[in-house]
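S.K.: One structure follows; several queries about it will come next.
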Amino acid sequence: MDLRWNFINLYTAEVAYDVRAVAGFLSAELIVGRVDGAATVADAVRVTDFVVGSSLGFATLVTGTAAEFATTLADPARVPALTASVAVVAGGDAPEELRSALAEAAVTAIFVADSAVEVVQPELIARLATDQAAEDRRVTTGTKVLTQVARRGGVVAVVTELARRVDGWAVLLDARGEVITATGAGGLHIRDAIAVAFHRPVRVRHTGLQVHPVGQGEDISAHLVIGARGSTSRSRDLASQAAALLDLLLRTADDPATERLGREVMVSTLLRGGPDAASLLRRWGVHETSLTAFAVASRSRTIDPERLAIRWLDDLGAAHVLAENRGRILGFIRDDRAEELARIVDGLSRQAHMPLRLGLGSPARAQMLARSAAEAGQALEVAVVDARPVVWYRSLATVSHVLDHLDDSATTRIAAVLDPLRDGDGRHGALTRTLEVYLAEHGVWGATAKRLSIHRQTLASRIRQIEQLTGMSMANPDDRAAAWLAIRALGTNADRA
């Protein structure tokens, strides 16, 4: 038999050797037993040296003559290992007795009638070594591509490219089990991903999942879960490289502290308004006479909304007019680009399952941007409460409409409901924040405690204290409505200030 096989097509395919491919190139007969014909071939050994069977998902080719396999099957202690591998019977036609014995033991067998085992064995080893080198090259190439897409698209791009290269899907979870992003069919398997990542005792519908921690030791910031088809070893190596890359992306800030400080000063100047604001914008390269404010927040601590917002502005060709403002990212963008920004965030939230929230204000002149910023903040609050990816201020009604038509003295009287919750410095502190989150989460104890990072008993104690200080009952719908109106009024007063 001519063993100078044409493996060009196999090298350029997306999987390594499998049992069926080996049988085909050997022009040999394949009888499938316990090991599936699609199993990836990992090694080739002589039956006289064979001890341990293949690992899960892989196949070891065990070569030998008909007589050697007959001797192996006669030893009951060696049969289980052979059943977990693939017998390559070379050197002539196999007797019917051997075929029957292999079938009875459920051994997957390849019968090579025209070549001696002394020829088949070294050729298999050489071809598998070459194939492994090709696999290594594919992993190296894949890692380079992942690094390139990381520079442009960040976390989402890395996870998306990884899923494409392993011909499967991927889910990235933060340290608390919340979805950062999912791609491919990952959105359909989030429960399975959470279960395997956090070792939860529930039934997993999708088996064979791989979990790769993002971070090391106790400093785990996320979990990358993939469901891969094809080469398990290559998918594992690629996912491991992707996890290391994601660790850098989730922890490394792109912008120097001086640039961040400059943007903060610029946004503060814009909120003060007047000629200085318009002049500063022109010096920054922004010449539009009208801008739209936007406010961004994330429900996951592992996602940096500032870095994401900068990337979005880069994609839109917009200047970096943004800064952190009271725990959220506040920025300004050209009016004609606001819709595009909304589509970006909406797409990431709905398709990639990123827990992002965006509020957009109304267009405003460069000298009077504070009102648009306040509107964006109000829209963001509604987006957080209603779990909506994007909310425009122009779509709001009820509370926002009422507060917009009240003067400062009226909103101050409404906000005074929360005065008993002030701390020793006269500021609204932990109790006001607790009440705000409690109402935003619709009174759900578990969600509120998780968002505040406190124990449920601590939350219960704070709610009792709030009720005692304010005289309101959180079981009363009117009191809850009054409390929420007061919180919104308090935010309105702060924005006006």
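The values are calculated or read from the model by the stated rules, or taken from the named source; none is laboratory data. All of these numbers come straight from a predicted model, not from anything done at the bench. Note: ideal-geometry Cβ built from the backbone for every residue, glycine included; neighbour counts use all protein chains shown. Surface areas here come from the heavy atoms of the whole protein model, side chains and all, with no ligands, DNA or RNA. Shrake-Rupley method; radii C 1.70, N 1.55, O 1.52, S 1.80 Å.
S.K.: Taking Arg176, is it under 14 Å from Leu238 (Cβ atoms) and surrounded by fewer than 24 Cβ atoms within 10 Å (Cβ to Cβ)?
M.R.: Considered against the rule, which asks whether it is under 14 Å from Leu238 (Cβ atoms) and surrounded by fewer than 24 Cβ atoms within 10 Å (Cβ to Cβ), Arg176 comes out as no.
S.K.: Condition first: within 10 Å of Ala319 (Cβ to Cβ) and either outside any helix (DSSP H, G or I) or over 38 Å from the mean Cα position of the chain (by Cα) (or both). Now tell me which residues in the stretch 273-286 satisfy that.
M.R.: Correct list: Trp284, Gly285, Val286.
S.K.: Only residues that are surrounded by 16 or more Cβ atoms within 10 Å (Cβ to Cβ) and touching a Lys or Arg at 6+ places or on another chain (Cβ under 8 Å): list them for the stretch 441-450, please.
M.R.: So the first thing to find is which residues in the stretch 441-450 are surrounded by 16 or more Cβ atoms within 10 Å (Cβ to Cβ), and the list is 441, 448-450.
The answer is Glu441, Ala449, Lys450.
S.K.: Can you pull out every residue in the stretch 311-337 that is under 20 Å from Ser290 (Cα atoms), buried (at least 17 other Cβ atoms within 10 Å of the Cβ) and either acidic (Asp, Glu) or under 26 Å from the mean Cα position of the chain (by Cα) (or both)?
M.R.: Once the filter is applied, which keeps residues that are under 20 Å from Ser290 (Cα atoms), buried (at least 17 other Cβ atoms within 10 Å of the Cβ) and either acidic (Asp, Glu) or under 26 Å from the mean Cα position of the chain (by Cα) (or both), the stretch 311-337 yields Trp312, Leu313, His320, Leu322, Ala323, Ile329, Leu330, Gly331.
S.K.: Exactly one condition in (1) within 19 Å of Pro389 (Cα to Cα); (2) open to solvent by 60 Å² or more (accessible area, probe 1.4 Å); (3) modelled with pLDDT under 85 is not met by Glu340; state its number.
M.R.: (3)
S.K.: Then there is this: For a quick check of your reading of the model, give me the residue pairs whose first member lies in the stretch 348-368 and is under 19 Å from Val384 (Cα atoms), whose second is assigned to a loop (DSSP other than H, G, I, E, B), with beta-carbon atoms closer than 6 Å and at least 6 apart or on different chains.
M.R.: Note: pairs meeting the criteria are Leu348/Met354; Ser349/Pro389; Pro355/Arg299; Pro355/Ser300.
S.K.: A further question follows. Go through (1) of a type outside the set (Phe, Trp, Tyr); (2) within 30 Å of Val41 (Cβ to Cβ); (3) at pLDDT 85 or above and name the single condition Gly208 misses.
M.R.: (3)
S.K.: Tell me which residues, restricted to the stretch 65-117, are open to solvent by 30 Å² or more (accessible area, probe 1.4 Å), part of a loop (DSSP other than H, G, I, E, B), at negative phi and of a type outside the set (Lys, Arg).
M.R.: Thr65, Ala74, Asp75, Pro76, Ala77, Ala84, Asp93, Pro95, Ala113, Asp114, Ala116
S.K.: Now for a different question. Return the total of residues in the stretch 27-41 being among the hydrophobic types (A, V, I, L, M, F, W, C), surrounded by 19 or more Cβ atoms within 10 Å (Cβ to Cβ) and part of a strand (DSSP E or B).
M.R.: 1
S.K.: If we scan the stretch 69-87, do we find a residue that is touching a residue at least 40 places away in the same chain (Cβ under 8 Å), among the aromatic types (Phe, Trp, Tyr) and touching a strand residue (DSSP E or B) at 6+ places or on another chain (Cβ under 8 Å)?
M.R.: Checked against the condition, which is being touching a residue at least 40 places away in the same chain (Cβ under 8 Å), among the aromatic types (Phe, Trp, Tyr) and touching a strand residue (DSSP E or B) at 6+ places or on another chain (Cβ under 8 Å), the stretch 69-87 yields no hits at all.
S.K.: Could you please find all residues in the stretch 258-272 being under 12 Å from Ala366 (Cα atoms) and either open to solvent by 60 Å² or more (accessible area, probe 1.4 Å) or not in a helix (DSSP H, G or I) (or both)?
M.R.: Arg272
S.K.: Suppose we filter the stretch 88-107 for residues that are more than 23 Å from Glu123 (Cα to Cα) and without any contact (Cβ under 8 Å) to a residue 40 or more places away in the chain; how many remain?
M.R.: At the first step, the residues of the stretch 88-107 found to be more than 23 Å from Glu123 (Cα to Cα) are 95-106.
Add one more test, that the residue is without any contact (Cβ under 8 Å) to a residue 40 or more places away in the chain, and what stays is 95-98, 100-101, 104.
The qualifying residues number 7.
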